[in-house]
Amino acid sequence: MQYIKILRQKPLAVLWFSQLLSEIGDQIYLVAALWIAVQISPGSAALVAASDYMSMFICSLFAGVYADRLNRRKAMIASDLIRALAVITLPIAAYFGPISIIHLVLVGITLGSLSALFAPCLIATIPAITHESQALQATSGLMDATRRLGRTIGPGLAGILTASISLRHFFTIDALSFFASAAGISYLNRNYKWPVDDHKSRSKNTTSVFHELKEAVAVAKKNALISWDFATFIILNINYAIIYTVGLPVLAKNNFGGNIVAYSSIIATYGFASVIANIAAGNIHVKNMGLIKFTGDFIWGIGFLIIGLAPNLPIALLGAAISAIGTPLSNLTMSVAIQKYIPNHQVGKVYSLRVTISMAGLGLGLVLAPFLFNHWNASHVVAIASFGFILVGLAGIIRFARPIPDQQIPV
């Protein structure tokens, strides 16, 4: 099993575990932040989530350029330390009084901005520390699995922690997890033989940030799968923001018992199922990436449709499990495609272009969400939004029913 082979390398195992801790902390943070906000209104929850997403949208394009220019290890460590300091201000403020929505928004902006730099640095680092195609897919799968394990462990742990610690200390846990991430990257730096860093020569040979972005767009357009993904990704993320970010806490509050345990159980189920799917996706040889990617989108939508139509919490949990199966099929496939088919000095920028599209969609979805949930039944909104995934998935399955040569050849 490829995952076991990768984890036998201690520096990579330490890196993976540190990222897992960070993702668990992020999920605990998200549960606490959205739960505090949703008690005020769906609009407050959308605003808190939008602060993270929109800052990532604004910063992602430029962050991708600098991820390919800067020393990636130092950039990741600095991002972690600054994010830890930002989050720790929340429990300090809570000690003196209620945490304000404005404070949550400011912290969200900080987290989103620095995540925009951290993510492409990590994605671009993976090809540099792997030496064969199957190892690249497995290592990428492991890093992708941290988010899915985080969604499994974090919300479930949040539900347990509510009985023993104050909600403000959920933020303390997240701050500590950022320190763990920085330590893991530092350990990899000391114990792994990194390739020679050519970031200085890259930065000297580029004329401008916008010129580099234009080059990255041109490179991405040469690949059929990446082009199709970019063209449809905004639709998926508009509907994802409506369903997952705002719809799930609203449904938990209105339809499934009105408590944080119901909300955290839906997210935990989603995370657990996506981990299982990730293990499968990271260990199989994929011949037709396009077919796998868009089949994942279709399954994602079917699961969300079930959640929207669910008459009770157990059916909603089933829908969460089904939708989660599609998540790694879609996103892991695209991460590997970018790492495999894009030159390493362009990986950070192309990945960040995808993140920018994602954040644009999420931002639009969060703008629409308060209006939709304030004027229509939450179950109907979630069910209708799920068709965005289903239709994109069907279109992609038809387009990539047979492997296309230019999606198989590195640019």
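Taken together, the values in this text are just the output of simple stated rules run on the coordinates, not laboratory data. For clarity, every value in this text was computed on a predicted model and none was experimentally measured. Glycine also receives a Cβ, built like all others from the backbone with ideal geometry; neighbour counts cover every protein chain displayed.
What whole-number volume per residue, in cubic angstrom, does the convex hull of the C-alpha atoms of region 25-183 give?
Numbers: hull volume 18.3 nm³, N = 159.
Spelled out: Cα convex hull of region 25-183, divided by residues, is 115 Å³.
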**Item:** Listed residues I4, F62, A50: farthest to the positive end of the dipole of region 1-113 (Cβ charges)
**Value:** I4
**Fill in**
The alpha-carbon center of region 237-267 and that of region 304-329 are separated, in whole Å, by 11
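Can you sort S330, S44, S177, S227 so the residue with the fewest Cβ neighbours within 10 Å comes first? Provide the component values of the computation, followed by the final result.
Values: S330 25, S44 18, S177 28, S227 14.
So the ranking, lowest neighbour count to highest, is S227, S44, S330, S177.
Where does region 302-350 land on the Kirkwood hydrodynamic radius, alpha-carbon pairs, in angstrom? Provide the component values of the computation, followed by the final result.
On the way: mean 1/r = 0.0797 Å⁻¹.
For region 302-350, inverting the mean 1/r across all distinct Cα pairs yields 12.6 Å.
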**Asked** Just G257, G296, G159 to compare: in a GNM of the chain, with alpha carbon springs under 10 Å, which one fluctuates most?
**Response** G257
**Message:** Rg and Dmax in Å for region 232-304, alpha carbons only: what are they?
**Reply:** 14.7, 45
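Can you list which of the DSSP-assigned H helices in the chain have a Cα extent of 20 Å or more along the long axis and an average Kyte-Doolittle score of at least 1.0? Each step should come with its number before you reach the end.
Details: long enough: 10-38 (41 Å, 1.18); 42-69 (40 Å, 0.84); 72-96 (38 Å, 0.95); 101-128 (41 Å, 2.00); 133-161 (41 Å, 0.20); 168-191 (36 Å, 0.31); 224-240 (24 Å, 1.21); 260-282 (32 Å, 1.50); 289-309 (31 Å, 1.58); 313-341 (42 Å, 1.11); 344-375 (47 Å, 0.72); 378-399 (33 Å, 1.84).
Membrane-span-like by this rule: 10-38, 101-128, 224-240, 260-282, 289-309, 313-341, 378-399.
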**Prompt:** Which three lengths, in whole Å and largest first, does region 2-408 cover when its Cα atoms are put on their principal axes?
**Reply:** 54, 51, 41
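Provide Rg over Rh for region 271-352; use the alpha carbon set for both Rg and the Kirkwood Rh (inverse mean inverse pair distance). Don't jump to the answer; show the numbers that get you there.
Values: Rg = 14.7 Å, Rh = 13.6 Å.
Answer for region 271-352: 1.09.
Mind checking region 283-371 for trypsin sites (Lys or Arg not before Pro) that DSSP puts in a loop (not H, G, I, E or B) and that have at most 11 other Cβ atoms within 10 Å?
Numbers: sites: K287, K293, K340, K349, R354; in loops: K287.
Listed in order of number, the matching sites are K287.
Going by how many other Cβ atoms sit within 10 Å of their own, how do E215, E23 line up, fewest first?
On the way: E215 16, E23 24.
Exposure proxy ranking, most exposed first: E215, E23.
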**Request:** State to the nearest 20 debye the size of the charge dipole of the chain about its Cα centre, where the only charges are +1 on K and R beta carbons and -1 on D and E beta carbons.
**Result:** 820
**Request:** Pop a pseudo-label 7 angstrom from the Cα along the beta-carbon direction at both S41 and V367 and give the gap in nm to one decimal.
**Result:** 1.8
**Request:** Please get the size of the charge dipole for region 1-76, origin at its Cα centre, with Cβ charges of +1 on Lys and Arg and -1 on Asp and Glu, quoted in debye to the nearest 20.
**Result:** 560
**Request:** For Q9 and N344, calculate 0.36 nm times their separation in residues minus their Cα-Cα distance, and state this gained length in nm to one decimal.
**Result:** 118.3 nm
**Message:** How far apart, in nanometres, would the label points at I315 and S227 be if each is projected 7 angstrom from Cα along the Cα-to-Cβ direction?
**Reply:** 4.3
